[in-house]
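For reference, the structure discussed in these notes is given below.
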Amino acid sequence: MSGVVTAPDGVPRCPWGMESEQMADYRVYHDTEWGRPVHGDDALFERMSLEAFQSGLSWITILRRREGFRTAFAGFRIAEVARFTDEDAERLLVDQSIIRNRAKIAATIANAKVAADLAPGELDALIWSYAPARAGRPAPRTSGELQPVTPESTALAKDLKKRGFRFVGPTTAYAMMQACGLVNDHLADCHVRAAVEAAAA
């Protein structure tokens with residue numbers, strides 16, 4: 001599988017961050033956001049929700065609709081989404097700025113209700129408690145070394161499900177862990193890897 005790819009600007013990136021000009025959104029997301037530590041209950045609820053909506057789709061589809069999702073779901077503020085009613089769910093089903101999937105919309109609202117019952121900071125602490133130790137974790141050199149599921153993501157998904165969260169299986173949980181900096185899966189020679197390590201230190 002591919003190692004880093006050097007762009008015309010001379011910068012080495014993970015191969016998925018070096019898409020065509022039509023998908024430049026990926027490069028910006030790769031360079032400035034993916035893998036950097038995310039904290040805060042609302043922020044992590046947003047990432048959890050977007051990863052759930054991404055299931056079965058390409059991430060670029062979600063990325064390009066993120067502002068629409070934020071507007072539709074009240075900025076992913078847990079307390080507000082937890083108050084959404086059946087009427088809100090029906091409104092979302094005709095909102096063309098998001099992915100109109102009934103099961104995923106229902107899961108997002110249900111997950112907000114579960115998260116709202118947690119103490120402030122508890123969702124953040126819960127998710128981050130499953131971050132594997134960084135020391136001794138080798139930097140991947142190729143995309144082929146990355147796994148879609150890990151023991152930690154499996155355990156996190158199980159814990160979330162036990163608490164009542166929906167649509168967060170082991171694969172979705174690991175995608176969230178990658179995106180939110182619980183692990184650093186930028187390839188060894190990617191120019192972002194060191195910045196992510198420094199942010200996590």
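Residue by residue, here is whether (1) in contact with a Pro (Cβ under 8 Å, 6 or more places away or on another chain); (2) part of a helix (DSSP H, G or I); (3) hydrophobic (A, V, I, L, M, F, W, C); (4) in contact (Cβ under 8 Å) with a residue 40 or more places away in the chain holds:
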site	(1), (2), (3), (4)
Gly3	yes, no, no, yes
Asp9	no, no, no, no
Trp16	no, yes, yes, yes
His30	no, yes, no, yes
Arg36	no, no, no, yes
Met48	no, yes, yes, yes
Ala52	no, yes, yes, yes
Ile62	no, yes, yes, no
Glu67	no, yes, no, no
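Take segment 148-161 and flag every residue that is over 15 Å from Trp16 (Cβ atoms) and either open to solvent by 30 Å² or more (accessible area, probe 1.4 Å) or aliphatic (A, V, I, L, M) (or both). It would help to see each step written out before you state the result.
Applying the first criterion (over 15 Å from Trp16 (Cβ atoms)) to segment 148-161 yields 149-161.
Of everything in segment 148-161, those that are over 15 Å from Trp16 (Cβ atoms) and either open to solvent by 30 Å² or more (accessible area, probe 1.4 Å) or aliphatic (A, V, I, L, M) (or both) turn out to be Val149, Pro151, Glu152, Thr154, Ala155, Leu156, Ala157, Lys158, Leu160, Lys161.
Looking at this structure, is Asp25 open to solvent by 50 Å² or more (accessible area, probe 1.4 Å), within 26 Å of His191 (Cβ to Cβ) and either among the small types (Gly, Ala, Ser) or touching a Lys or Arg at 6+ places or on another chain (Cβ under 9 Å) (or both)?
Details: open to solvent by 50 Å² or more (accessible area, probe 1.4 Å): yes; within 26 Å of His191 (Cβ to Cβ): yes; either among the small types (Gly, Ala, Ser) or touching a Lys or Arg at 6+ places or on another chain (Cβ under 9 Å) (or both): yes.
Yes: the conditions hold for Asp25.
Answer yes if at least one residue in segment 185-200 is within 17 Å of the chain's Cα centre (by Cα), at pLDDT 95 or above and small (Gly, Ala, Ser), and no otherwise.
Checking segment 185-200: not a single residue is within 17 Å of the chain's Cα centre (by Cα), at pLDDT 95 or above and small (Gly, Ala, Ser).
Just checking, how many residues over segment 180-201 are more than 20 Å from Ser2 (Cα to Cα) and among the hydrophobic types (A, V, I, L, M, F, W, C)?
8
Run down Gly10, Gly17, Gly35 and say which single residue is of a type outside the set (A, V, I, L, M, F, W, C), buried (at least 16 other Cβ atoms within 10 Å of the Cβ) and at pLDDT below 90. Give the derivation first.
Values: Gly10 fails: buried (at least 16 other Cβ atoms within 10 Å of the Cβ); Gly35 fails: at pLDDT below 90.
Result: Gly17 is the single residue among Gly10, Gly17, Gly35 that is of a type outside the set (A, V, I, L, M, F, W, C), buried (at least 16 other Cβ atoms within 10 Å of the Cβ) and at pLDDT below 90.
Just to verify a result, which residue in segment 77-100, among those that are closer than 24 Å to Gly40 by Cβ and basic (Lys, Arg), is surrounded by the most Cβ atoms within 10 Å (Cβ to Cβ)? First the steps, then the outcome.
The first filter runs over segment 77-100 and keeps only residues closer than 24 Å to Gly40 by Cβ, leaving 77-84, 88, 92, 97-99.
Of the ones still in play, those that are also basic (Lys, Arg) are 77, 83.
Working: Arg77: 16, Arg83: 14.
Looking at residues that are closer than 24 Å to Gly40 by Cβ and basic (Lys, Arg), I get Arg77.
Checking the condition small (Gly, Ala, Ser), open to solvent by less than 40 Å² (accessible area, probe 1.4 Å), more than 16 Å from Asp25 (Cβ to Cβ) and in contact (Cβ under 8 Å) with a residue 40 or more places away in the chain, which residue from Ala103, Ala107, Ala74 passes?
Details: Ala103 fails: open to solvent by less than 40 Å² (accessible area, probe 1.4 Å); Ala74 fails: in contact (Cβ under 8 Å) with a residue 40 or more places away in the chain.
Of Ala103, Ala107, Ala74, the one residue that is small (Gly, Ala, Ser), open to solvent by less than 40 Å² (accessible area, probe 1.4 Å), more than 16 Å from Asp25 (Cβ to Cβ) and in contact (Cβ under 8 Å) with a residue 40 or more places away in the chain is Ala107.
The values are calculated or read from the model by the stated rules, or taken from the named source; none is laboratory data. This is a predicted model, so every value here is computed, not measured. Glycine also receives a Cβ, built like all others from the backbone with ideal geometry; neighbour counts cover every protein chain displayed. The area values use the complete protein model at the heavy-atom level, side chains included, leaving out ligands, DNA and RNA. Shrake-Rupley method; radii C 1.70, N 1.55, O 1.52, S 1.80 Å.
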